[in-house]
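J.: Dumping the structure here so I can ask a few things about it.
The values are calculated or read from the model by the stated rules, or taken from the named source; none is laboratory data. Predicted model only: the values in this text are computed from it and were never measured. Glycine gets a Cβ as well: all are built from the backbone with ideal geometry, and neighbour counts include every protein chain shown.
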Amino acid sequence: MFDKLALLGFGDGGWGLALLQGAGITIAIALATLPFGLLLGLIVALGKRSENIVLRWLATVYTTVFRGVPELLTLYIIYFGIQIVLQKAWVSLGLPGNFSMPPFVAGMVALGVVLSAFSSEVWVGALNSIQKGQREAAAALGLSKGQAFRLVVFPQLIRVALPGLGNNWMVLLKETSLVSVITLPDIMFITTRANVATKEPFLFFGAAMLIYLFFSLISAWGVGRLEIRANRGFAAFGGATR
Amino acid sequence: MSWCEYPGYLFGSEVFQNYGCRMASGLWVTFELVVISVAIGFVLALGLAIARLYGPRWAKAAINGYTTFFRGTPLLCQLFLVYYGLGQFRLFWQDVGLWWFFREPFYCALLTFTVNTAAYQAEILRGAIQSIPRGQFEGAMALGLHRWSTLRLVIMPQAMILALRPLGNELIVMIKASAIASLVTLFDLMGATRLAFARSFDLTIYLYAALIYLLLVEVIRRVWDRLELRLTRHMALR
């Protein structure tokens, strides 16, 4: 039993280093997706609250589609779809050779689009919680619409949206495991390869589980800390009032 | 022409027509996987949530560990651990006469999904039960109701209404997540679509599959909205 644990080590024939690199890729794609997905989500949320009926309709269709289609399917459509479109563009531009879609970018776009659809719901909820008076007061002070959003609404938004966005992050972290199917060498990809090479699936998938669990626990702790920080000044939420 | 070829015919898509029947039987596999795992998961979750709240300390700790573990790791990883990992102990399963179970990707996916959704549903039910005001327990106690009767007649009916929406979301999450069953050689809707793409290299087949999933999710969402409206019709301000 214990001699098999050496397979997870860093010595000769050990997969320790590869697993560590895989964990790095998992974190990298999750972190790269996060700002893109959240920002897009905020834009979609603003679209949903827009006075323009076409924008509202577009935003609603967007969220309905990307919340309703399985992430795996979205990933395939974006990976192969962009590949085909860009390949055609590549050829029509008369460039030599073939265009190949980097899996990291495809994964980032697919996960980001899904994240934006889910986070837009959180943003809408948070936007609704900001009272109208805040915007009116900002307007009375002579702030432009953009300034009012950036300086008055947004700082208050973060506090309300944080629990929901924290949840989105946890889901995203686990969803990154899907990018292994488009050959991005994340934890799942490395463990699948290790399984093929060593015929020790229980050991390697068990190890992968523990790595993901570790990331999840760290994230839960981190989100908790951020919430405490965002709620400072709100006695009811455990923050100190001065 | 058999009935399952019609949608493809109507859309004028050759691939969709050719693989319509495979996708229809795939849809049935998806349906079986989701309905069975969510139903068994719900029964398990009821027990887990109650034991998590009112059980002995060791049970609380064990259930806490269980939900943290299964909610903190990807479903794909869990599926591979069950299908490939537990399949590794073939001799053991043959000895105890369970090899027929762990040999089949369908049963492995069913087991994984059930265990996974039970963890999520247990947390949903725990939250719902916990948000019932204390006064409800005290009122039931004052009426001389037994602990189990309190739970069954006073607490659960109210908690289930609160849990209805998140449970509906969990059902939708499971429908979408079931697509990964195709990665352990199972021909669910996603699996049938992957096969069609691998043979035809026609990307539009993925779009038709997306449309089917979308339709499925939208129908469930609307039915669930109706259900909620119906079950809460006695409540004011709804």
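J.: Is there a residue being within 28 Å of B:Leu215 (Cβ to Cβ) and either surrounded by 15 or more Cβ atoms within 10 Å (Cβ to Cβ) or touching an Asp or Glu at 6+ places or on another chain (Cβ under 9 Å) (or both) anywhere in segment B:81-94?
T.: no
J.: Against the condition assigned to a loop (DSSP other than H, G, I, E, B) and more than 12 Å from the chain's Cα centre (by Cα), how does B:Leu186 come out, does it pass?
T.: Against the criterion (assigned to a loop (DSSP other than H, G, I, E, B) and more than 12 Å from the chain's Cα centre (by Cα)), B:Leu186 qualifies.
J.: Taking interchain pairs and intrachain pairs at least six residues apart, which have beta carbon atoms under 9 angstrom, with the first residue in segment B:218-238 and at pLDDT 85 or above and the second not in a helix (DSSP H, G or I)?
T.: Correct list of pairs: B:Glu228/B:Arg238; B:Leu229/B:Arg238; B:Thr232/B:Arg238.
J.: Out of curiosity, is A:Pro103 more than 14 Å from chain B (Cβ to nearest Cβ), surrounded by 18 or more Cβ atoms within 10 Å (Cβ to Cβ) and of a type outside the set (A, V, I, L, M)?
T.: yes
J.: A further question on this structure: Do you know which residues across segment B:206-233 are closer than 15 Å to A:Gly81 by Cα and either among the charged types (D, E, K, R) or facing chain A (nearest Cβ under 10 Å) (or both)?
T.: Passing the criteria: B:Tyr206, B:Leu207, B:Ala209, B:Ala210.
J.: So, one more: If B:Gly65 meets every condition in (1) touching a residue at least 24 places away in the same chain (Cβ under 8 Å); (2) under 21 Å from A:Ser219 (Cα atoms); (3) of a type in the set (Gly, Ala, Ser); (4) surrounded by fewer than 19 Cβ atoms within 10 Å (Cβ to Cβ) apart from one, which number is that one?
T.: (1)
J.: Moving on to the next point. Hey, can you tell me all the residues within segment A:8-26 that are loosely packed, with under 15 Cβ neighbours inside 10 Å, of a type in the set (A, V, I, L, M) and within 19 Å of A:Val179 (Cβ to Cβ)?
T.: A:Leu20
J.: Moving on to the next point. Taking segment B:138-176 as the search range and keeping residues that are within 14 Å of chain A (Cβ to nearest Cβ) and in contact with an Asp or Glu (Cβ under 8 Å, 6 or more places away or on another chain), which one is nearest to A:Val181 (Cα to Cα)?
T.: Filtering first and then ranking leaves B:Lys176.
J.: Looking at A:Leu178, A:Leu203, A:Leu210, A:Leu162, can you tell me which residue is within 14 Å of another protein chain (Cβ to nearest Cβ) and within 17 Å of the chain's Cα centre (by Cα)?
T.: Answer to the check: A:Leu178.
J.: Show the residue pairs that are 6+ apart or on different chains and have beta-carbon atoms under 8 Å apart, the first residue being within segment A:216-234 and among the aromatic types (Phe, Trp, Tyr), the second being surrounded by 12 or more Cβ atoms within 10 Å (Cβ to Cβ).
T.: So the pair list comes out as A:Phe234/A:Arg159.
J.: Consider B:Ile129 carefully, then state whether it is surrounded by 17 or more Cβ atoms within 10 Å (Cβ to Cβ) and either on the phi > 0 side of the Ramachandran plot or in contact with an Asp or Glu (Cβ under 8 Å, 6 or more places away or on another chain) (or both).
T.: no
J.: Pairs needed: first member in segment B:125-143, within 24 Å of B:Phe42 (Cα to Cα); second member anywhere, of a type in the set (D, E, K, R) and at pLDDT 90 or above; C-beta distance under 7 Å; at least 6 residues apart or different chains.
T.: If the second residue must be of a type in the set (D, E, K, R) and at pLDDT 90 or above, the pairs left are B:Arg126/B:Arg52.
J.: Let me ask something else about it. Considering only residues that are among the charged types (D, E, K, R) and under 26 Å from the mean Cα position of the chain (by Cα), look in segment A:27-61 and name the one that is surrounded by the most Cβ atoms within 10 Å (Cβ to Cβ).
T.: Across segment A:27-61, the extreme among qualifying residues is A:Lys48.
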